[in-house]
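Q: I'd like to ask you about the structure that follows.
The values are calculated or read from the model by the stated rules, or taken from the named source; none is laboratory data. All values reported here derive from a predicted model rather than from experimental measurement. FYI the Cβ positions are ideal-geometry reconstructions off the backbone, even for glycines, and counts take in every protein chain you see.
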Amino acid sequence: METNAPKRRDNKKSLRVKVISLGNAEVGKSCIIKRYCEKRFVPKYLATIGIDYGVTKVQVRDREIKVNIFDMAGHPFFSRGQSEKVHVRNEFYKDSQGVLLVYDVGLRESFDALDSWLGEMKQEMGSQANMDSIVFVVCANKVDLTKRRVVDEGEGRLWAESRGFHYFETSAQSGEGINEMFQAFFSSITDMCENGGKRPVSEVSVGFTKEQADTIRRIRNSKDSWDMLGVKPGATREEVNKAYRKLAVLLHPDKCVAPGSEDAFKAVVNARTSLLKNIK
Ligand code: GTP
Ligand code: MG
């Protein structure tokens, strides 16, 4: 027992961690990393081929952290559906303590794609237990391009926080949010390592459920009132009312604190009213 003591003291001082970046091509993964590590921005697009690797050292409280950064190509050719790449991908996900999930606030498909990036990672990692030992940070990137923004803060934050992930608005171009994001990222990873490899519980309890968050997101993206209530076009009064009651219980502002729940609830009330007007 005694012989372990000096080793533990040494461990307290330095830590090696592995972080990876995930997200569609051209969302700004490499630029975010470059902005943090090299304090500069390159406007010209240089697609990452396969995986880029870099090392940086950071200080979190009394610890020195050596960070190995694996920056992944977002282009499907390099990541998905290529059988010869599977080995590379397995190695890539393995043993990471942190994941940067990046999307471009001006491209909705890059936001929607976060689910499949996460899905692919889960599949590769095997068990949910492994996912619980990883700190996730969602970067809503390119916030400098305000005019072309299509995914607002509420929507991004909801997706992230309902999963127990951090959410930051970033711009690799202006530098906005970059240092804050990395500081929170590394400090959470350190907390996690000090907590025996589990994400601290406080981070995951956000006061609303994933079902509530996903429902609000589905409602925001629904194409018409039928779709919003989750019933088939031509459904009966009973079916509409049943679907409405289920959503009302889930989203009533007295019961649901998720951002956007009040608007979603109002939208559901209006959808029901307009459908019932036209059903005999
Ligand atoms: P892949 O390596 O192909 O997966 O792309 P990536 O996600 O690494 O994107 P990259 O960092 O190479 O950036 C893509 C393009 O977006 C480049 O032209 C960047 O200059 C630009 N870009 C990245 N971040 C920002 C940002 O915050 N604001 C603006 N305006 N442009 C950005
Ligand atoms: Mg890149």
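Q: I'd like to know if the stretch 250-260 contains one or more residues that are part of a helix (DSSP H, G or I), modelled with pLDDT under 90 and farther than 30 Å from S14 by Cα.
A: Initially, the stretch 250-260 is screened for residues part of a helix (DSSP H, G or I), giving 250-251.
If we keep only those that are modelled with pLDDT under 90 as well, we get none.
Within the stretch 250-260, none of the residues are part of a helix (DSSP H, G or I), modelled with pLDDT under 90 and farther than 30 Å from S14 by Cα.
Q: Here is a check on your reading of the model: is G28 at pLDDT below 85 and within 11 Å of ligand 2 (Cβ to nearest atom)? If you could, list the steps in order and put the result at the bottom.
A: Numbers: at pLDDT below 85: no; within 11 Å of ligand 2 (Cβ to nearest atom): yes.
It is false that G28 is at pLDDT below 85 and within 11 Å of ligand 2 (Cβ to nearest atom).
Q: Turning to a different aspect of this structure: Tell me, yes or no, whether the stretch 137-155 has at least one residue that is touching a residue at least 12 places away in the same chain (Cβ under 8 Å), in contact with a His (Cβ under 8 Å, 6 or more places away or on another chain) and crowded, with 20+ Cβ neighbours inside 10 Å.
A: Yes, the stretch 137-155 contains at least one residue that is touching a residue at least 12 places away in the same chain (Cβ under 8 Å), in contact with a His (Cβ under 8 Å, 6 or more places away or on another chain) and crowded, with 20+ Cβ neighbours inside 10 Å.
Q: Only one of these conditions is not met by D52: (1) touching a Ser or Thr at 6+ places or on another chain (Cβ under 9 Å); (2) within 12 Å of ligand 2 (Cβ to nearest atom); (3) of a type outside the set (A, V, I, L, M); (4) touching a residue at least 24 places away in the same chain (Cβ under 8 Å). Which number is it?
A: D52 satisfies all of (1) touching a Ser or Thr at 6+ places or on another chain (Cβ under 9 Å); (2) within 12 Å of ligand 2 (Cβ to nearest atom); (3) of a type outside the set (A, V, I, L, M); (4) touching a residue at least 24 places away in the same chain (Cβ under 8 Å) except (4).
Q: Now for a different question. Which one of these is over 17 Å from V19 (Cβ atoms), modelled with pLDDT of 90 or more, touching a Ser or Thr at 6+ places or on another chain (Cβ under 7 Å) and of a type in the set (A, V, I, L, M): V151, V143, V102? Please lay out each step first, then the result.
A: Working: V151 fails: touching a Ser or Thr at 6+ places or on another chain (Cβ under 7 Å); V102 fails: over 17 Å from V19 (Cβ atoms).
The conditions single out V143.
Q: Let me spell it out: the conditions are (1) in a helix (DSSP H, G or I); (2) modelled with pLDDT of 90 or more; (3) among the hydroxyl-bearing types (S, T, Y), and S222 meets all of them except one. Which number is the exception?
A: Condition (1) is where S222 drops out.
Q: Here is a follow-up. Quick check on the stretch 66-83: of everything there that is more than 10 Å from ligand 2 (Cβ to nearest atom) and modelled with pLDDT of 90 or more, which residue is surrounded by the most Cβ atoms within 10 Å (Cβ to Cβ)?
A: Among them, the one singled out is V67.
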